[in-house]
1. Based on the Cβ-Cβ distance of Lys190 and Val5, what FRET efficiency does E = 1/(1 + (r/R0)^6) give at R0 = 51 Å, to the nearest 0.05?
2. Among Glu38, Glu127, Glu373, which one shows the highest mean-square fluctuation when the chain is modelled as a Gaussian network with alpha-carbon springs under 10 Å?
3. Going by amide H atoms built from the backbone, whose H comes under 5 Å of the H on Phe274, apart from near neighbours?
4. Treating cross-link reach as a plain straight distance, find the lysines whose alpha-carbon is under 25 Å from the alpha-carbon of Lys65, omitting any fewer than eight places away in the same chain.
5. Across segment 348-356, in residue order, what do the Karplus-derived ³J(HN,Hα) couplings come to in whole Hz, using 6.51 cos²θ - 1.76 cosθ + 1.60 with θ = phi - 60° and x for Gly and Pro?
6. For segment 1-48, report the % of Cα-Cα distances exceeding 17 Å.
7. Whole-Hz Karplus ³J(HN,Hα) for segment 55-72, in order, using 6.51 cos²θ - 1.76 cosθ + 1.60 and θ = phi - 60°, x for Gly and Pro?
8. Which one, Asn281, Asn120, Asn12, has the greatest fluctuation when you compute a Gaussian network model over the chain with C-alpha springs under 10 angstrom?
Amino acid sequence: NGIRVYDPGFMNTAAIKSRITYIDGDAGELRHRGYPIEQLAERSTYLETAYLLIYGHLPDASQSKIWEYEVMHHTFLSEDLTSLLRSMRYDSHPMSIFITAFSSLSAYHPEANPSLAGQNLYTTSPELLNKQVIRALGKSSTIAALSLRIRMNRPAIAPRADLTYTENLLYMMDALSPADPYRPDPRLAKALDTLFILHADHEMNCSTAAMVHVGSSRVDPYSAIAAAASALYGPLHGGANEAVIRMLQRIGSVDRVPAFLEGVKKKKELLFGFGHRVYRNTDPRSTIIRKVAEEVFSILGRDPDGLIEIAQALRDAALKDPYFVERKLYPNVDYWSGLIYKTMGFPLDFFPVLFAVPRVSGWLAHWKQNLEEGTGKIWRPRQVYVGEGRRDYVELGERE
Ligand code: CMC
């Protein structure tokens, strides 16, 4: 109707109607398909939560068994894809490898792109859709583990379908228990699984919006996941867990916290792991994460390089400071997750991959929802043009 709303950064624009995730930013509440995140974190598993997000209900016993079997039996990567990823530099950022892997899966599975042949098969063939969902979930963990093995210049470890999703991921990374050299510590696998539940979905965040946006062109889901993963890579989004640790290392000691905060207030730098577009009170995931952190620290030892002490001092000082209080800035999910991953011994640049692997489930849930319940319209925002008016071309020699 000609009315256009200028909303830079989509601060107030709802692009979809969704049944997946509910957030009340003022109350600090997060629910998936109606279930509070606190209950899912305590009682569900990552794969079950992924099913819930994607299919809208908790699986019954038989659905659960089939689902786990199928995802775990789609964890294998082809030799071709493995060698392609191995040809990347050993010090490539693991997120670059993750993004490359997903964009390549589009080439390895051309049947995932039926729209190129003019057919919108995803709306009529649940089998085709489910196949891509299972494959993307299964392979994302193996791609993640391989990105780490490439860094270590070690051979890939084949997945084991008899382990749980997170146990298998730790197994493929060779993060095994000293007590049982063939199996990861079940307590650490459980901690990682809880972190994966917390990261599985978060409604229309930057990467999920990218997934749905790119998916609206009806390209295959692997290409759309590559786009979503690229959005997640940035330090304002999933890259923040890596950026938090680098920030704590830069600060270096508790006595330098006040000077750092002065720099933040002068807008010289950001306090990574603080602030959120939707939560203006507390991020419920960060409350749960603190408990997971305590569990992991009690298993693996606490704070060998003093970063937790700095993180606590920084958080306490920021929560008391009027600059952060007035702007309603609180620790978000990334503030503590990086410290957990560091204690688990992962290299810093691997942290965003540990965000991306579980978020694949949220991306797929939204992609599927938009195919099945969306308007079918391609996403195509408008703009407010503020450039030059009409003018005539000037030949090169006549330009001033
Ligand atoms: N450090 C310092 N100042 C901040 C921060 C921060 N982390 N976050 C927001 N502000 C300031 C911002 O400069 C602005 O100040 P002013 O009113 O003087 O202009 C005010 O607070 C409002 O912030 P905003 O930029 O309008 O907030 P936003 O909703 O556009 O941005 C955010 C949200 C998460 C990108 C931002 O808070 C941020 O950059 N945080 C640091 C990066 C980070 O931790 N990201 C992870 C987010 S949670 C998980 C995920 O989604 O990946």
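1. 0.65
2. Among Glu38, Glu127, Glu373, the largest mean-square fluctuation in the Gaussian network model of the chain belongs to Glu127.
3. Asn332
4. Reachable lysines: Lys131, Lys139, Lys190, Lys368.
5. These are the phi-based 3J(HN,Hα) values: 4, 6, 8, 4, x, 5, 6, 7, 5 Hz.
6. Summing the P(r) of segment 1-48 above 17 Å gives 55 percent of all pairs.
7. These are the phi-based 3J(HN,Hα) values: 9, x, 8, 6, x, 7, 4, 6, 4, 4, 5, 5, 4, 5, 4, 5, 4, 5 Hz.
8. For the chain, modelled as a Gaussian network with Cα springs under 10 Å, the answer is Asn12.
The values are calculated or read from the model by the stated rules, or taken from the named source; none is laboratory data. It should be emphasised that the depicted structure is a prediction, and the values quoted were computed from it without experimental measurement. With ideal geometry, Cβ positions are generated from the backbone for all residues, glycine too; neighbour counts draw on all protein chains shown. To get the accessible areas, we keep the full protein, side chains included, count just its heavy atoms, and leave off ligands, DNA and RNA. Shrake-Rupley method; radii C 1.70, N 1.55, O 1.52, S 1.80 Å.
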